[in-house]
């Protein structure tokens with residue numbers, strides 16, 4: 001993927017907002033169509049809010065780490 005290498009940190013804004021859009025879509029679709037599958041976590045004492053915060057935070061931190069590592073490895 002040459003896009004981040006060629007344009008540098010300027011691509012971050014576009015990629016970041018695309019990532020936020022897809023995370024929002026995943027959140028909405030899972031809460032709408034998979035709402036009955038959260039009972040397993042509820043039985044374990046994990047709230048939906050904690051589950052979503054943990055999952056989305058981990059995904060965002062991993063994305064940011066890999067994006068900046070990718071930019072730094074090329075230089």
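For the reader, a short list of remarks on this structure follows.
- Residue 40 being loosely packed, with under 11 Cβ neighbours inside 10 Å and at pLDDT below 80: yes
- Members of segment 24-63 that are in contact with a helix residue (DSSP H, G or I) (Cβ under 9 Å, 6 or more places away or on another chain) and outside any helix (DSSP H, G or I): 46, 47
- Selection from segment 64-75 of residues that are surrounded by 10 or more Cβ atoms within 10 Å (Cβ to Cβ) and part of a loop (DSSP other than H, G, I, E, B): none
The values are calculated or read from the model by the stated rules, or taken from the named source; none is laboratory data. Keep in mind that what you see is a predicted model, and the values were worked out from it rather than measured. Please note: Cβ atoms are built from the backbone with ideal geometry, for glycine as well, and neighbour counts cover all protein chains shown.
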